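Worksheet: the structure to be examined is printed underneath.
The values are calculated or read from the model by the stated rules, or taken from the named source; none is laboratory data. Every value quoted in this text rests on a predicted model; they were computed, and no experiment measured them. Cβ: placed from backbone, ideal geometry, glycine included. Neighbour counts: every protein chain shown.
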Amino acid sequence: MTAKIPLPPGMPNRMKSLPTDDVGRPVPFFAGYVDGVPDFRTMTSAALVDCVRKSLCWVCGQPLLKRYGKPVGTFVAGPMCLVNGTSAEPPSHADCAEWCARACPFLLNPNKVRREANLPDGYIEPAGIMLARNPGVTGLIESCRWQAFQPGEGRGVLLHFDRIQSVTWLARGDIATTDEVLTSIETGLPDLLALAREQEADGAVHALRSLVKYALLWVDGWRGAVQSDAYPVIAELV
């Protein structure tokens, strides 16, 4: 018998009706199966379509709550997703999102790398440009407006979100410090800046500056920290 693994307390009731894998973890609504075994690294196209069209929670599959008649969802994403305002995954209920962020081994351990081995045949990378790194911090980004779109390369879909209501930063399953968030932004920006400089004729660097400044509004105490020499890339852009 496979031993069960410990899970964070406070699992939302909505998630308790989900099936579980052989170690007792709830299998998210989005997860695909390989030879009858859930693979948390994959998503099904049916789940993606249903969540986008019906405003369902990405984790539990139940309808998102509404505020003033509009669905409100929480994206589980790294700082670069906040800068770009995009996510490869639809949003979830706030409590489902937070519980999963505290349970996911990849998000809990900044040194953990993505498992690329034994991906199922036909696996397709998420749309957009994904930075192949562990961001070290996770944003719980609450939004009340998002829309699916197809990126330029014509593969898959991304979601653009705005009308952000709040952002909570987590690291190692706890509230992240300002320095942890800024370090993640600082180390993620060089790739975006390099891409922007390749498109400078289109004003891409100026646009990136605006995006970074907006993202920093959701990082408490960033101004004082950036005045030091610890974050030269952020300082250059703001």
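Return the only residue of Val233, Val205, Val181, Val226 being aliphatic (A, V, I, L, M) and within 29 Å of His93 (Cβ to Cβ).
Going through Val233, Val205, Val181, Val226 in turn, the sole match is Val181.
Which of the residues that make up the stretch 206-219 are surrounded by 17 or more Cβ atoms within 10 Å (Cβ to Cβ) and either within 12 Å of Val233 (Cβ to Cβ) or assigned by TED's automatic domain parsing to the domain that holds Leu170 (or both)?
Leu208, Val212
Within the stretch 62-84, track down each residue that is in contact with an Asp or Glu (Cβ under 9 Å, 6 or more places away or on another chain) and within 17 Å of Ser184 (Cβ to Cβ).
Phe75, Val76, Ala77, Met80
Consider Phe75 carefully, then state whether it is within 18 Å of Ile141 (Cβ to Cβ), surrounded by 19 or more Cβ atoms within 10 Å (Cβ to Cβ) and at pLDDT 95 or above. Working first, answer last.
On the way: within 18 Å of Ile141 (Cβ to Cβ): yes; surrounded by 19 or more Cβ atoms within 10 Å (Cβ to Cβ): yes; at pLDDT 95 or above: yes.
When the stated conditions are applied, Phe75 passes them.
Test Asp50 against the criterion of being at pLDDT 95 or above, surrounded by 15 or more Cβ atoms within 10 Å (Cβ to Cβ) and charged (D, E, K, R), and give yes or no.
Criteria met by Asp50.
Test Arg145 against the stated conditions and say whether it is basic (Lys, Arg) and in a strand (DSSP E or B).
Working: basic (Lys, Arg): yes; in a strand (DSSP E or B): yes.
Judged against the criteria, Arg145 is a match.
On the basis of being in a helix (DSSP H, G or I), modelled with pLDDT of 95 or more and loosely packed, with under 15 Cβ neighbours inside 10 Å, does Ser166 make the cut?
no
Given the structure, is Gly173 touching a Leu at 6+ places or on another chain (Cβ under 7 Å) and at pLDDT below 90?
yes
Quick check: anything in the stretch 150-158 within 24 Å of Arg53 (Cα to Cα), at pLDDT 90 or above and touching a Phe, Trp or Tyr at 6+ places or on another chain (Cβ under 8 Å)?
Just the residues of the stretch 150-158 that are within 24 Å of Arg53 (Cα to Cα), to begin with: 150-158.
Keeping just the survivors that are at pLDDT 90 or above gives 158.
Checking which are touching a Phe, Trp or Tyr at 6+ places or on another chain (Cβ under 8 Å) leaves us with 158.
The answer is yes, given that some residue of the stretch 150-158 is within 24 Å of Arg53 (Cα to Cα), at pLDDT 90 or above and touching a Phe, Trp or Tyr at 6+ places or on another chain (Cβ under 8 Å).
Taking the criterion of being in a helix (DSSP H, G or I), hydroxyl-bearing (Ser, Thr, Tyr) and more than 29 Å from Cys57 (Cα to Cα), would at least one residue in the stretch 220-231 satisfy it?
no
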